[in-house]
Amino acid sequence: SLTDDVLDSSQEATVVVDTDGTVSWANTATEVLLGVAREAVRGRDYAVVATEQYRQFEAGDRSLASAVQSGLTNRDEVADTVVHVPAGPDRPERWLEYWSAPVETGLYAGGRIEHYHEVTGRHRREQYLRTLHRATRELMTAEAEAAVTDHAVTTATADLDFPYAAVFTRDRGTG
């Protein structure tokens, strides 16, 4: 009842995998963040579920399916990476912190616990800051005023997705 009463209301997706690799439990957030119907995965082999559902999700330099399968194969492995979930017909694009580790004690000892925490907002802010940092360095090295204005407008509209951007200059002679 703890898992149903408390963990099911969590906004962090949680999947509990039994010692034989089958999904014992998944919460409602799993459906929201990963687009996986929890009733459809309970009692199924998690390696198969991962292959079917997580192939297009990037987890570092590999797919999330590969990361899940690695954890199931190497029972002592702890995984901690950021996962990119591309937009789909029924889900928006997301970035998730993925953490997976063996369960060492209790009813599910020998199994695995998987957590997915949404970090989309933080990821987007970090991308914006990287873009602004790169653009600032490039603007400082621009040789001509026209290059500065062109680069500023292009960065704002193409890289930062502003709907429009303009640069106005002051004529020194007329003010």
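The values are calculated or read from the model by the stated rules, or taken from the named source; none is laboratory data. These numbers come from a predicted model, not from an experiment. Cβ atoms come from the backbone with ideal geometry, glycine included; neighbour counts cover every protein chain shown. Protein only, heavy atoms only, side chains kept; ligands, DNA and RNA dropped before computing areas. Shrake-Rupley method; radii C 1.70, N 1.55, O 1.52, S 1.80 Å.
Once phi is turned into θ = phi - 60°, what whole-Hz ³J(HN,Hα) does the Karplus curve with 6.51, -1.76 and 1.60 give for every residue of region 157-172, x standing for Gly and Pro?
These are the phi-based 3J(HN,Hα) values: 7, 7, 8, 9, 6, 5, x, 7, 8, 9, 10, 10, 10, 9, 6, 5 Hz.
What range in the chain is the longest one free of chymotrypsin sites (Phe, Trp or Tyr not before Pro) that are in a loop by DSSP and have at most 10 other Cβ atoms within 10 angstrom?
1-163
Of the accessible area of the chain, with the probe set at 1.4 angstrom, what percent is carbon plus sulfur?
In the chain, the share of accessible area belonging to carbon and sulfur is 52 percent.
How would region 86-131 be classified by its alpha-carbon gyration tensor: rounded, prolate or oblate, with rounded meaning a/c under 1.5 and the a/b versus b/c comparison settling the rest?
oblate
Any idea of the accessible area per residue across region 87-134, 1.4 Å probe, to the nearest Å²?
Value for region 87-134: 62 Å² per residue.
Averaging over all projection directions, find the projected area of the Cα convex hull of region 37-128 and quote it in nm² with one decimal place.
Average projection, Cα convex hull of region 37-128: 6.8 nm².
Taking one equal scatterer on every alpha-carbon of region 60-175, how large is log10 of I(q)/I(0) by Debye at q = 0.23 1/Å?
The Debye formula, applied to the Cα set alone, gives -1.23.
Please name which of ALA13, LEU139, VAL36 has its Cα lying farthest along the dipole of the chain towards the positive end, using unit charges on Cβ (Lys, Arg +1; Asp, Glu -1) and the Cα centre as origin.
LEU139
Can you give the alpha-carbon Rg of region 1-50 over 2.2 N^0.38 Å, where N counts its residues?
The reported ratio for this selection is 1.05.
Within region 70-114, find all residues whose amide N lies under 19 Å from a label point positioned 7 Å from the Cα of GLN127 along Cα-to-beta-carbon.
Only 81-98 fall inside the zone, counting backbone N under 19 Å.
Could you tell me which GluC sites (Glu not before Pro) in region 84-175 are loop residues by DSSP with no more than 16 other beta carbons within 10 angstrom of their beta carbon?
Loop-located and lightly packed - GLU93, GLU104, GLU143.
For the chain, what does the helix formula give at 222 nm: sum of -39500 (n - 2.57) over DSSP H segments with n ≥ 4, over the residue count, nearest 500 deg cm²/dmol?
Taking each H run of at least 4 residues, the total per residue is -10500 deg cm²/dmol.
Dipole magnitude of the chain about its Cα centre, charges +1 at Lys/Arg Cβ and -1 at Asp/Glu Cβ only, in debye to the nearest 20?
480 debye
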